[in-house]
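Single-structure report; data block below.
The values are calculated or read from the model by the stated rules, or taken from the named source; none is laboratory data. Keep in mind that this is a model prediction, so the values were computed, not measured. Don't worry about glycine lacking a Cβ; one is built from the backbone with ideal geometry, like all the others, and counts go over all protein chains shown. Just so you know, the surface numbers come from the protein's heavy atoms only, side chains and all, with ligands and any DNA or RNA stripped out. Shrake-Rupley method; radii C 1.70, N 1.55, O 1.52, S 1.80 Å.
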Amino acid sequence: MCHYLGGSISDADPIKKNDEQNSWNSEYQSKKEAMEALKNFNRTNNKRMKKFPQNQTPKCLLPMLIFFLFFFSFVLFISSSKHPLLHSFFPVSRQFLPRQCIASKTLTERFLWYAPHSGFSNQLAEFKNALLMAAILNRTLIVPPILDHHAVALGSCPKFRVLSPNDLRFAVWNHSIDLLRNRRYLSMADIVDLSSLLSDSTVRVIDFRVFVSNWCGLSIADVCSASNTIRKRVARIRDESSKFALSEELNQCGLLLSGYKGSVNDCLYALDEDCRTSVWTYQSDGEDGILDSFQPDDQLKKKKKITFVRRRRDVYKALGPGSKAESAAVLSFGSLFTGSYKGSESYIDIHEARKDKRIQSVLQRTEFLPFVPEIMKAGKEFALQRIKAPFLCAQLRLLDGQFKNHWKATFLGLKQKLESLKQNARLPIHIFVMTDLPTSNWTGSYLGDLAEDSNAFKLFTLTESDDLVVETANKLINIGRDKGSVSVSATLEIVKNCRGKSLPDILLYLEETVCSCASLGFVGTAGSTIAESIELMRKYSKCSG
């Protein structure tokens, strides 16, 4: 608030008149010099200030004027340069919202996105957890593609060394877009049968390609095409120079969805929490917010300067109704992979929901998700018509990661099982071998010894070039299963325009199905998630004609 110097000199006390006159003259002279400087400044802009009366000189006008000039220039600078400080000073409004967030306001559903990684078995386990999280939070799950084996890696939760959620999400985004561009895209819903799970609308899903088309405002057919029409369309979208290509549009959309631009009210909530800090629970009385039993030890804290702790948090209370995340159109998780370690789950500890029958049903139905009928039928056909006898399945992981240094332990279980079978089973013992070691390299190994002993053992394998594998792959890309519904998979237009020149790799899924039919038993590699998946299939799947 401005303060003014006293009234006119003539109204002052006569006794103090001379002293006040001198003081007033001195102060007035100082103000007069300041006013002259201000008038000179404004004169350059063809403006003049009105002369204030001698008895009412503003005391704070100049500082206020300078402040407003500086503030106005600051606002122009950060707004014209899209400076991140803008969001610190002003609430997000339509004027500053990313285009995708403006479009999201027209969406009637709320979505959940996450970042799968590692091999197919890990991705399938994450997909089950994602279905559960989406059901708990009443969100539509964005069904991802099947990523190339280890194209994206998380790191180690037990060692507290993992990619940040933002980095993991963006790596998955980029790989998914590459799969589209290279026409090698295969949705998880194209391999895993979701029909029974989606029958009662307890769980809702949408294909990643359909979501991206709506969210980013781009035609997925354009992403899969290299025609000139793409460049023309991008030029219309950007209305700028030709340097802005379709890849830039996708990059910006991916950065937003990954959380690099932060969470945006009513648009996106990107979680920063991961397995280093949180263990998600549901309806576990008294556990919300307490410390988890597994924490980084003192040596690790000192070495990596770790200051955080792991807490058990109720996902519904943290991200459900009444939370900051609840109103966001898209909720972005990082990894949703979990596993037991030292008496604790690495990230998600939800195994039952007795107070919520709907979620309890989802837990039961997602424990085992079968492959689509085309894959199941082909696997059973191989078992019944090619092997034509009771057989043992041996899943031997020999070349990947930690397993390449444990051949002796991997073969030991198979040796013991075969010694037992030789005493009771009819020779030769039929064995279906599922391994990452090429047959050309079997010589000198235990597999080579088995192959040479044709009187005692008869070995069977499947390869990508096998007629059954090729025929099944063709059926999958031509079946058009539920393609007219965006809730299950992509539309016919997307599939038609993005169909690849090469067939999808489905060998692993057929091999697992064959192993589920092994009536003489199963021997798997210890610690392999593939072995765990096969054991689950054998528990739930009935192999019949």
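A few comments on the model shown:
- Calculated FRET efficiency, Lys422 to Val309, Cβ-Cβ distance, R0 = 56 Å: about 0.55 to the nearest 0.05.
- Of all DSSP beta bridges in the stretch 269-365, antiparallel share, percent nearest 5: 30
- With every protein chain in place, the stretch 278-364: carbon and sulfur % of accessible area (1.4 Å): 49
- Direction-averaged projected area, Cα convex hull, the stretch 323-364: 4.6 nm², rounded to one decimal.
- Euclidean distance between Cα centres, the stretch 406-432 to the stretch 309-375, Å: 39
- Around the amide H of Val143, modelled in the peptide plane, lie the amide H atoms of Ile206, Asp207, Phe208, all under 5 Å away and 5 or more residues distant in sequence or on another chain.
- A cut-off of 5 Å between modelled amide H atoms, ignoring neighbours fewer than 5 places along the same chain, links Lys458 with Ile429, His430, Ile431.
- Where trypsin sites (Lys or Arg not before Pro) fall in DSSP loop in the stretch 408-474, at most 11 other Cβ within 10 Å: Arg426
- Taken per residue, the accessible surface of the stretch 505-545 reaches 41 Å², heavy atoms only and a 1.4 Å probe.
- For the peptides 320-331, 267-278, the ranking by packing is 267-278, 320-331, with the highest mean count of neighbouring Cβ atoms within 10 Å listed first.
- Heavy-atom accessible surface of the stretch 289-440, averaged per residue, reaches 55 Å², computed with a 1.4 Å probe.
- Radius of gyration and Dmax over the Cα atoms of the stretch 354-461, both given in Å: 18.2, 58
- Taking max minus min of the alpha-carbon positions on each principal axis, the stretch 122-165 gives extents of 32, 23, 16 Å, largest first.
- Here the 3J(HN,Hα) profile of the stretch 427-437, calculated from phi with Karplus coefficients 6.51, -1.76 and 1.60 at θ = phi - 60°, is 8, x, 7, 7, 10, 9, 9, 10, 8, 8, 8 Hz, Gly and Pro shown as x.
- Based on the reciprocal of the average 1/r between different C-alpha atoms, the Kirkwood radius for the stretch 266-422 equals 20.3 Å.
- Compared with the direct C-alpha span, the chain from Asp356 to Asn182 gains 58.3 nm at full extension, assuming 0.36 nm per residue.
- Accessible area per residue in Å² at 1.4 Å probe, computed on the stretch 141-214: 34
- Kirkwood hydrodynamic radius over Cα pairs of the stretch 278-364, then Stokes diffusion coefficient at 4 °C and 1.567 mPa s, in µm²/s: 88
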